[in-house]
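Here's a structure for you.
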Amino acid sequence: MSQIDTTEKLSGTPETESSLFALCGLGVAGIAMLGWICALAWIAWRLVDWLLF
């Protein structure tokens, strides 16, 4: 197998930078989603506390 054959096969793979950017974007979206869930849980906790006591 020559070096030219291996480079032609590797050219079809996705770029590492774009997949890393996508993973970072998913991480940021996950952190934002957890933040919203925590904020909604805190608001619900305060509302129940206000209604019951």
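If I filter segment 8-23 down to residues being in a helix (DSSP H, G or I) and open to solvent by 80 Å² or more (accessible area, probe 1.4 Å), which single residue comes out as modelled with the highest pLDDT?
Once the filter is applied, the top-ranked residue is Leu23.
Let me ask you something else. Against the definition (among the β-branched types (Val, Ile, Thr) and at pLDDT 95 or above), how does Ile4 come out, yes or no?
no
In the list Ile31, Ile37, which residue meets the criterion of being among the β-branched types (Val, Ile, Thr), modelled with pLDDT of 90 or more and either open to solvent by less than 100 Å² (accessible area, probe 1.4 Å) or in contact with a Ser or Thr (Cβ under 7 Å, 6 or more places away or on another chain) (or both)?
Matching residue, one of Ile31, Ile37: Ile37.
The values are calculated or read from the model by the stated rules, or taken from the named source; none is laboratory data. Values in this document were obtained by computation on a predicted structure and should not be read as measured data. Using ideal geometry, Cβ is built from the backbone for each residue, glycine included, and neighbour counts are taken over all protein chains shown. Calculation scope for accessible area: heavy atoms of the full protein, side chains included, ligands and nucleic acids excluded. Shrake-Rupley method; radii C 1.70, N 1.55, O 1.52, S 1.80 Å.
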